[in-house]
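Worksheet: one structure, shown below.
The values are calculated or read from the model by the stated rules, or taken from the named source; none is laboratory data. All values derive from a computational prediction rather than experimental measurement. All Cβ positions, even for glycine, are placed from backbone atoms using ideal geometry, and neighbour counts span all protein chains on display.
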Amino acid sequence: MNGLSSWIVTDGAAGLVRQCSGLATRLGLEPEHRTIVIRHPWRALPPAFWPSPLSALSPRGDRLGPPWPHLVIASGRKSVAPTAAIRRKTDGRTVTIQIQDPTINPAYFDLVIAPRHDEVKGANVIATTGSLHGLTRRTLDEAACRRKREVAHLPRPLILAAIGGPNRVYRFTRADARDLGRKLGALEGGLMVTVSRRTPPEAADALKKELDPARSVIWQGGDGNPYEGWLGLADFIIVTSDSVNMATEACISGKPVFIAALPGGSAKFSRFHEALKRGGHARNFEGALDPFWTPVVLDDATWVAQRVRDRLGERFSLPGSPSECSGRS
């Protein structure tokens, strides 16, 4: 994709950036990251009610203005109206891709990439099973090589438990964490446990107390996140049910993936988990692991990137010369 300029536009949330970066990586792009901040009152209003979206941007965030790139990859509610405005401003010369449900008509963008459980409809909608990311079997293997010494003392099989936390539809209390910790502690093998930004500290501590320190390691934040390396090293992977991103990333590993249900849920999450099970990508975690199950690898990003390449190829000559819209307002 040499010669194509590109932006990633988000509010800086790690999960949104990860999805946009994952697509850019699969496209072979090195995009500029534009982190936007929305001024009051626009940040409290739905995107459809922003009369001049680019004027709603606060100077505390990055500027969105000419020279316009060939491609904008955006995600998150705050990016919806500005990305649609860029398409109008450039008369469609900048290709705009919105990741996740934009909550407005998908026709305002060139492409919308959203998981099937969001039930977004439109001729330009690319429906995926899960979220996008840049992980591949090769990147996991490389990360595993860098991390294998720190877990070499653990017994086999190696089990990665990726722990999330409460959100709008799930809860994860100290008691919930203690119950999950007991189930993990009863498994045979070595445990590699990671927690997320959303994991309450008291829940992480309660879970940790249920684990045998001689055969477990737990990462509770800070520098040097071992997540990708441990994905590559694990023989089994358990992820909590609150995160589409964690489950999707786990399912590219080729390892048996099990979903540990947290209290709560929603129809959307249920549709996602059912799709994983129907596709042979994951199973429910009921306190035991099946060593004879071979899962189906889930790799949406590869075929989605090809669809995007095809769309870009229709618009630009690849590899291309400088954009016809570069430098224009």
| field | Lone qualifier among Thr240, Thr199 - being touching a Phe, Trp or Tyr at 6+ places or on another chain (Cβ under 9 Å), surrounded by fewer than 23 Cβ atoms within 10 Å (Cβ to Cβ), of a type in the set (S, T, N, Q) and on the phi < 0 side of the Ramachandran plot | value | Thr199
| query | Could you list, in sequence order, the residues of the range 118-177 that are free of Cβ contacts under 8 Å to residues at least 40 places away in the same chain, surrounded by 19 or more Cβ atoms within 10 Å (Cβ to Cβ) and either touching a Lys or Arg at 6+ places or on another chain (Cβ under 6 Å) or over 22 Å from Arg307 (Cβ atoms) (or both)? | reply | Ala177
| query | Which one of these does Thr248 not meet: (1) under 28 Å from Pro200 (Cα atoms); (2) in contact with a helix residue (DSSP H, G or I) (Cβ under 7 Å, 6 or more places away or on another chain); (3) at pLDDT 95 or above; (4) assigned to a helix (DSSP H, G or I)? | reply | (2)
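Closer than 16 Å to Ile97 by Cβ, modelled with pLDDT under 90 and either among the small types (Gly, Ala, Ser) or not in a loop (DSSP other than H, G, I, E, B) (or both), is that true of Gly313?
yes
Give Ala214, Ala206 a once-over and let me know the one that is in a helix (DSSP H, G or I), without any contact (Cβ under 8 Å) to a residue 12 or more places away in the chain and over 29 Å from His117 (Cβ atoms).
Of Ala214, Ala206, the one residue that is in a helix (DSSP H, G or I), without any contact (Cβ under 8 Å) to a residue 12 or more places away in the chain and over 29 Å from His117 (Cβ atoms) is Ala214.
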| task | Identify the residue in the range 184-196 that is part of a loop (DSSP other than H, G, I, E, B) and on the phi < 0 side of the Ramachandran plot and, among all such residues, is surrounded by the most Cβ atoms within 10 Å (Cβ to Cβ). | result | Ser196
| field | the range 262-274: number of residues that are part of a helix (DSSP H, G or I), over 16 Å from Asp101 (Cβ atoms) and either of a type in the set (Gly, Ala, Ser) or touching a residue at least 60 places away in the same chain (Cβ under 8 Å) (or both) | value | 1
| query | Pick from Ile36, Ile97, Ile86: which is closer than 23 Å to Ser243 by Cβ and surrounded by 21 or more Cβ atoms within 10 Å (Cβ to Cβ)? | reply | Ile97
| request: Being out of contact with any Ser or Thr (no Cβ under 6 Å at 6 or more places or on another chain) and modelled with pLDDT of 95 or more narrows it down to one of Gly222, Gly229, so name that one. | output: Gly229
| query | Within the range 7-49, can you find the residues that are in contact with a strand residue (DSSP E or B) (Cβ under 6 Å, 6 or more places away or on another chain) and of a type in the set (S, T, N, Q)? | reply | Thr10, Gln19
| request: Scan the range 77-103 for residues that are within 21 Å of Ser266 (Cβ to Cβ) and in a loop (DSSP other than H, G, I, E, B) and jot them down. | output: Gln100, Asp101, Pro102, Thr103
| Is it the case that some residue within the range 259-267 is outside the structural domain of Pro166 (by TED's automatic domain parsing), over 17 Å from the mean Cα position of the chain (by Cα), at pLDDT 95 or above and at negative phi? | no
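Answer with yes or no whether Gly22 is surrounded by 14 or more Cβ atoms within 10 Å (Cβ to Cβ) and at positive phi.
Criteria not met by Gly22.
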| remark: Filtering the range 178-198 down to residues that are modelled with pLDDT of 95 or more and hydroxyl-bearing (Ser, Thr, Tyr) yields Thr194
| Ala305 is checked against (1) among the small types (Gly, Ala, Ser); (2) buried (at least 17 other Cβ atoms within 10 Å of the Cβ); (3) not assigned by TED's automatic domain parsing to the domain that holds Cys20 and fails just one. What number does that condition carry? | (3)
| request: Quick one: which residue in Pro69, Pro46 is within 21 Å of Leu312 (Cβ to Cβ), in contact (Cβ under 8 Å) with a residue 40 or more places away in the chain and either crowded, with 16+ Cβ neighbours inside 10 Å or of a type outside the set (S, T, N, Q) (or both)? | output: Pro69
